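The values are calculated or read from the model by the stated rules, or taken from the named source; none is laboratory data. If you're wondering where the values come from, they're calculated on a predicted model, not measured in any experiment. All Cβ positions, glycine included, derive from the backbone under ideal geometry; neighbour counts span all protein chains shown. The accessibility values were calculated without ligands, DNA or RNA, using every heavy atom of the protein model including side chains. Shrake-Rupley method; radii C 1.70, N 1.55, O 1.52, S 1.80 Å.
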Amino acid sequence: MVQSQWPYWLPLRADLRGISPYGAPQIEGVTALNTNENPFPLPSEVVAAMTERLGSVIGNLNRYPDRDAISLRGKLAHYITQTTGVEVTSENIWAANGSNEILQTLFLSCGGADHLALGFTPSYSVHPLIAQITKTPWFAGSRDEDFAIDITKAKKLVREKSPHLVFVTTPNNPSGTSTPIADLKELAEATGSVGGLLVVDEAYAEFSSEPSAVTLLADFPHVVVVRTMSKAFAFAGARTGYLVAKPAVIAASLVARLPYHLSSLTQTAAETALEFTPAMQAEIQVLISERERVAAALIEVGFRVVPSSANFLLFSGFKGEPSAIWQAFLDRGVLIRDIGLRGFLRVSIGTPAENEQFIAALREIAE
Ligand SMILES: Cc1ncc(COP(=O)(O)O)c(C=O)c1O
C-alpha cells in the first residue's frame, strides 16, 4: 500500500506510512535463485529423525515451550565451539525465529530514538529497515568500489559519530566479500572506545574461510556475532537464528524478547538438525565448488564477478539495465535478484542442475 492509500481510520505511525514491506518476488514454477537459500532439501536421515522427534513434541503442544531454549542454546554453543575453536556455553548464545528476529531484538534492547546505529552500505537492507521500525537513527557509512570497508575511514567515522550499534555483514550481502578479521579487530577497538556494540552479521560465515568474529569475543566484550541456520543448515523455512556474545548481551536480549517466542517445534527441529552437522557440512562444500563453477561461467561470457565467500555471486558488465537482464533470465525460467544496485545483479548458488539452467540462460543472454 502506498502512502496516500492508507485508510483515514488506521492510526498507523506517520513515519511508517511511506515504507514498503520487505520482500523479494515469489514466483511459482521457476528456478528461484534470488533469496540465497540453500537449494538442497534436508538429507533423508535428518528428515526421518526430525519427523520422529516432532511427533512426540506435537503431543505436548498444549504446553508452552522452554521460554529460554536452554537445550537448543547448549547445542548451538557446542556447534560454535567445534567450528570456531572458541569455547562458548549456552550462556553465550541467544536463539530466535531467524537472525532477523535476533537483529530486531538487538535494536529493541540497544537501539531506540536516542541511540545511533551505523552500517557500511551496500549491505543487508534489513539492518536500516529494522532501525527505522524501532525509531533508531541510522547512519549509512560507505564501502569502496570493490565493496571493501576502508578500515581507517571506518574507525574515523565511528569515533566521529559515537554510534551505539555498528553493523558489519561479513561475508557481505549483496557483494559476497569478506572483511578480514584483522580489520574487524580494529573496528572492535574503535567501537569499544565510544561505548558501542559491534554487531557482526555472519549469516554466510560457513561458506567463508575467514575466521569468525567469535574469535574476538575474549578480548572485546562488546562484540556480538549474529548467525543463522537458514543458509548452512538448509533451514530457512524453520526460522532459526542466534547470536554469540557475552552473557550480558544475552541478558539484554531476554528483556526485549517476547515470552515463549520460539516454538517447541522449532527448538526440537533445530536441535535435531544440529546433530547432523557433518552431513550439512558436506553440502556446504558442494555449494562452494558450484560457486566457483558459476563464477567461471560468468567470466567466460565476459561478465565481471565480485569475489565471493558466500553462497551467491554479484555480477556486472552486462549490456543494458539490470531490470532488462533480470527479465531475460526470468523469461528463461530463472529468477535472480535485482538488488537495486546500478549495473549489478545477484544470483544465489543452486543445485548443480539449477546452476546448469542458469549457465544455459546466461550463455543465451550474453550472445
Ligand atoms: C546478511 C543477512 N543477515 C540475516 C539474514 C536473515 O536470515 P534469517 O532471518 O533467515 O536467519 C539474511 C537473509 O538473507 C542475510 O542475508
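Of note:
- Hits in segment 135-157 - residues which are more than 16 Å from the ligand (Cβ to nearest atom), within 28 Å of P21 (Cα to Cα) and in a loop (DSSP other than H, G, I, E, B): K135, T136, P137
- Residue in segment 171-183 that is acidic (D, E), buried (at least 16 other Cβ atoms within 10 Å of the Cβ) and more than 16 Å from the ligand (Cβ to nearest atom) present: yes
- Among residues of segment 228-273, those that are assigned to a strand (DSSP E or B) and open to solvent by 10 Å² or more (accessible area, probe 1.4 Å), counted: 0
- Within segment 158-170, the set of residues being crowded, with 19+ Cβ neighbours inside 10 Å and either assigned to a loop (DSSP other than H, G, I, E, B) or over 18 Å from the mean Cα position of the chain (by Cα) (or both) comprises V158, P163, H164, T170.
- Any hit, segment 210-219, residues being within 13 Å of the ligand (Cβ to nearest atom) and either among the polar types (S, T, N, Q) or open to solvent by less than 10 Å² (accessible area, probe 1.4 Å) (or both): no
- Unique residue being crowded, with 19+ Cβ neighbours inside 10 Å and assigned by TED's automatic domain parsing to the domain that holds H222 when the list is I70, I80: I80
- Selection within segment 108-126 - surrounded by fewer than 23 Cβ atoms within 10 Å (Cβ to Cβ) and either more than 8 Å from the ligand (Cβ to nearest atom) or free of Cβ contacts under 8 Å to residues at least 60 places away in the same chain (or both): L108, S109, C110, G112, A113, D114, H115, L116, T121, P122, S125
- Residue satisfying all of: in segment 310-334; aliphatic (A, V, I, L, M) and touching a helix residue (DSSP H, G or I) at 6+ places or on another chain (Cβ under 7 Å); nearest to Q285 (Cα to Cα) among these: A310
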